[in-house]
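Q: Can you keep this structure in mind? I'll have questions shortly.
The values are calculated or read from the model by the stated rules, or taken from the named source; none is laboratory data. Keep in mind the model is a prediction, meaning the values are calculated, not measured. Note: ideal-geometry Cβ built from the backbone for every residue, glycine included; neighbour counts use all protein chains shown. Surface areas here come from the heavy atoms of the whole protein model, side chains and all, with no ligands, DNA or RNA. Shrake-Rupley method; radii C 1.70, N 1.55, O 1.52, S 1.80 Å.
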Amino acid sequence: MNIDMLIDGILDSYDRYGLINRNHAENFPNRQNVVSILSDIQSVIFPGFRTAEDIDSVNIRYIIGQKVNNIIANLTREIQKALIYTKSQTCNDKEVINIADSHCFKLAEKTAVALIEEIPEIRRKIQLDTNAAFSGDPAAKSNEEVVLSYPGLEAILVYRIAHFLYENGVPVIPRIMTEHVHGKTGIDIHPGATIGESFFIDHGTGVVIGETCIIGKNVKIYQGVTLGALSVKKNLMDKKRHPTIEDDVTIYANATILGGNTVIGKGCTIGGNTWVTKSVPAGTVVTI
């Protein structure tokens, strides 16, 4: 067996097909780094819940301060990679890209700091989501149990972090974050979706929420729900493809609601296993 020939064949495939992440100015964000940053952000939002830490009133400032500094430094680096890579896809002029490098760093750092500034607001929203889970599920014994063990809440938390980055023009990284939690929970929320306060996903496995979906306040959905598009043609990428769910709606297990023009009115109940492709007036109960 000639190991060198085998290695040559692998290296040749890199040249032929690409998709390697070299360590230079145009490299892509690293998934492991992004996941590590996400873990630090979650630990700042819920201190003592996500990682094993001895936290008390004396050392909490030091612990949080250390994490905040790490998040800013590491997230800045990964956002900068994403911005430079995106620029390189539309510009072949190396000099222009090198000039953009400095600008991208400043923009990346500004965005990373803005996320830290947003954490109190994210905590306010996730507290409302936690309360919705606790009040909406008879099996929940405490808010702490929800934070520790409910996959729906974890998916919503990661969505709220990723959505902030998405809204601030960060490429790629928001998708890495939401796809990471998708793999953990089975809940697929695109960071571009717009989701209101007091959102509750019960059980959660198999839930899909598309990029242009709009969800109001006090909405509750169960496992297997799809809020999707009627068509997945590439030329529709800049169009609203996913439904609007107004306030106080409950959507039961395995319901499918499709289409950018589909509006589920306030206070509706969508029964399990239903297929909805047209708007539903407020207060309607939809069954098979």
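Q: Considering only protein heavy atoms and a 1.4 Å probe, what is the carbon-and-sulfur percentage of the accessible area of the chain?
A: Working: 8060 of 15240 Å².
Answer for the chain is 53 percent, counting heavy atoms of protein chains only.
Q: Here's a follow-up. On average, how much area does the Cα convex hull of the stretch 108-265 cover when viewed from any direction, in nm²? Each step should come with its number before you reach the end.
A: Details: hull surface 36.3 nm².
Orientation-averaged projected area of the Cα hull: 9.1 nm².
Q: Quick one: Cα convex hull volume of the chain, Å³ per residue?
A: Cα-based convex hull of the chain, divided per residue, equals 185 Å³.
Q: In what sequence, highest mean first, do 37-50, 109-122, 4-17 appear when ranked by Cβ atoms within 10 angstrom?
A: 37-50, 109-122, 4-17
Q: Calculate for the chain the 222 nm mean residue ellipticity that helices alone would give, adding -39,500 (n - 2.57) per DSSP H run of length 4 or more and normalising by residue count, nearest 500 deg cm²/dmol.
A: On the way: 7 runs with 141 residues, N = 288.
Per the formula, -17000 deg cm²/dmol.
Q: Tell me, in nm to one decimal, what length is gained between residue 3 and residue 148 on full extension, where the rule is 0.36 nm per residue of separation less the Cα-Cα distance?
A: Separation in residues times 0.36 nm, less the Cα-Cα distance, equals 47.4 nm.
Q: Counting Lys +1, Arg +1, Asp -1, Glu -1, what net charge surrounds residue 194 among other residues with beta carbon under 14 Å of its beta carbon?
A: Residues close to residue 194 contribute a combined charge of 0.
Q: Pairs of alpha-carbon atoms within less than 8 angstrom and 6+ residues apart define the contacts here; what relative contact order does the chain have, in percent?
A: Values: 541 pairs, mean separation 30.2, N = 288.
Relative contact order here is 10 percent.
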